[in-house]
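The values are calculated or read from the model by the stated rules, or taken from the named source; none is laboratory data. Quick caveat: nothing in here was measured; it's all calculated off a predicted structure. All Cβ positions, glycine included, derive from the backbone under ideal geometry; neighbour counts span all protein chains shown. In case anyone asks, the SASA skips ligands and DNA or RNA and just uses the protein heavy atoms, side chains included. Shrake-Rupley method; radii C 1.70, N 1.55, O 1.52, S 1.80 Å.
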Amino acid sequence: GAPITSKSQDDDDAEVLTYIAFAYFDWARQTESFNNEKAAPADERYQKCIEYIEMAMKKTKKENLTLRYNWCMVKLQAANCVLQKLTRNIRRTAKQVRDSLDGLEESLPVVQTMLQWKEEGKKLPIPHSTLIE
């Protein structure tokens, strides 16, 4: 018979896309751990992670707050990676810096809303300690 899947094909697709996103995230973190010019590809891998999370978010029927939070945190990590390029002897362009800042500006209202919800006592799948770190 057919394998038992989650609620829908879109949910299954979102799960696979999320898995791919976090494979890119792990790969980027591993690359960053060189902490020198060998870390150069890390920001591109974070960008791929963000792209896959965005595809997963489009596949899910209702807002997935954990996925949205992870999207914000990857944008933060990607921006930090770009800012670290100079200390790692890696060239960075003004566009890369601008894109990083745009990503942070895009994710800030999402994190602020989640913090507000948490303070109002709404249930969120993200621990409060994680939100305030």
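Numbers below:
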item	result
Of the DSSP H helices in the chain, those whose Cα atoms cover at least 18 Å axially and whose Kyte score averages -0.5 or more	65-84
Helical contribution to [θ] at 222 nm, DSSP H n ≥ 4, -39,500 (n - 2.57), averaged over the chain, rounded to 500	-23500 deg cm²/dmol
When the convex hull of its Cα atoms is projected in every direction, mean area for the chain (nm²)	9.6
Relative contact order of region 50-133, pairs being alpha-carbon contacts under 8 Å that are 6 or more residues apart, as %	28
Accessible-area order (highest first, 1.4 angstrom probe) of the listed residues Asp12, Asp102	Asp102, Asp12
Residue-span extension gain [Val16 to Lys48] - 0.36 nm each, minus C-alpha spacing	10.1 nm
Accessible-area value, Glu37, 1.4 Å probe, nucleic acids and ligands omitted, Å²	100
Pairwise FRET efficiency - Gln9 versus Arg98, Cβ, R0 = 35 Å, nearest 0.05	0.40
Summed side-chain charge close to Glu37 - residues other than Glu37 whose Cβ falls under 15 Å, Lys, Arg +1, Asp, Glu -1	+2
Rounded accessible area of Glu44 (nearest 10 Å², 1.4 Å probe)	120
FRET E, pair Thr113, Lys62, Förster distance 22 Å, beta-carbon r, rounded to 0.05	0.85
Portion, in percent, of the accessible area of the chain that falls on carbon or sulfur, probe 1.4 Å	54
Å² of accessible area per residue within the chain, as computed with a 1.4 Å probe and no ligands counted	65
